[in-house]
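Colleague: This is the structure I want to talk about, given as structure tokens.
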Amino acid sequence: MTSLRRARLTDIPELQALYKSTIEHSCINDYSPEQIKVWAAAAQNNERWEKRIASQFFIVAESNGVIVGFSSLENGSYIDMMYVHFKHLRKGIANQLYKCLNEEAIRLGTKELYSNVSKTARPFFELNGFSVVQENWIEIDGVRINNYKMIKQSF
């Protein structure tokens with residue numbers, strides 16, 4: 001059984017490991033080894049994790065005391081992070097996380113949700129009513145990586 005709870009600062013090492021391993025294993029069909037390497041390296045920025053946990057609606061999914069996924073909502077409308085451990089995909093964890101974020105957005109009176117999502121995550125967001133509004137290109141350490149700005153209105 002997977003349960004949800006708010007993230008804590010003490011979760012950071014486990015969140016970093018999940019983030020890195022998910023990118024390295026789940027995104028191999030959509031991104032090059034070089035893109036994956038620079039993207040996954042962002043896991044080590046402790047200050048960014050601390051700031052997210054302190055300022056966002058940041059939740060984790062746990063199974064038997066182990067974090068198997070996490071997601072965060074910034075300013076009530078921006079889904080900043082949504083990651084599920086690669087060994088726990090297709091078990092409804094992302095749906096559970098998304099439902100919790102959606103309920104929080106509704107509670108806050110949000111009129112639209114948006115996110116910048118990877119090629120890998122795009123089908124999940126489309127299944128949940130999001131539409132692509134633009135393709136983004138970001139550069140990390142000289143490596144270009146694309147993602148998609150997606151929006152869901154009037155939910």
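Colleague: Based on the Cβ-Cβ distance from ILE151 to LEU4, what FRET efficiency comes out when R0 is 22 Å, to the nearest 0.05?
Modeller: Result of the calculation: an efficiency of 0.35.
Colleague: Counting alpha carbon pairs within less than 8 Å and at least 6 residues apart, what relative contact order, in whole percent, applies to segment 2-110?
Modeller: Relative contact order for segment 2-110 comes out at 28 percent.
Colleague: Moving on. Scan segment 46-112 for trypsin sites (Lys or Arg not before Pro) in coil per DSSP, keeping those whose Cβ has at most 16 other Cβ atoms within 10 Å, and list them by number.
Modeller: ARG90, LYS91, LYS111
Colleague: Pull up all non-local amide H partners of ALA121: gap of 5 or more, or a different chain, and H-to-H distance under 5 Å with H placed in the peptide plane.
Modeller: Correct list: empty.
Colleague: Determine Rg/Rh for segment 49-119; Rg is computed over alpha-carbon atoms and Rh is the Kirkwood hydrodynamic estimate from the same atoms.
Modeller: Here the Rg-to-Rh quotient is 0.96.
Colleague: Once you put a point 7 Å from the Cα of VAL132 and another 7 Å from the Cα of HIS25, both along the Cβ direction, what distance in nm separates them?
Modeller: Inter-label distance under the simple model: 2.7 nm.
Colleague: Measure out, as a whole number of angstrom, how far apart the alpha-carbon centroids of segment 116-155 and segment 1-64 sit.
Modeller: 17 Å
Colleague: Provide THR2, THR22 in ascending order of the number of other Cβ atoms located within 10 Å of each residue's Cβ, fewest first.
Modeller: Result, fewest neighbours first: THR2, THR22.
Colleague: Given Cβ point charges of +1 (Lys, Arg) and -1 (Asp, Glu) and nothing else, what value in debye, to the nearest 20, does the dipole of the chain about its Cα centre take?
Modeller: 360 debye
Colleague: How much FRET efficiency would the formula 1/(1 + (r/R0)^6) give for ASN75 and PHE124, where r is the Cβ-Cβ distance and R0 is 30 Å, rounded to 0.05?
Modeller: Plugging the Cβ-Cβ distance into 1/(1 + (r/R0)^6) gives 0.90.
Colleague: In a GNM of the chain with a 10 Å cut-off on Cα contacts, which of TRP49, TRP137, TRP39 has the highest mean-square fluctuation?
Modeller: Result for the chain, Cα springs under 10 Å: TRP137 fluctuates most.
Colleague: Bin all alpha-carbon pair distances of the chain at 10 Å intervals from 0 and give each bin's fraction as a whole percent.
Modeller: Calculated P(r), rounded to whole percents: 11, 41, 40, 9, 0.
A short reminder: the numbers here are calculations on the coordinates, not readings from a lab. Source: prediction; values computed, not measured. Cβ: placed from backbone, ideal geometry, glycine included. Neighbour counts: every protein chain shown.
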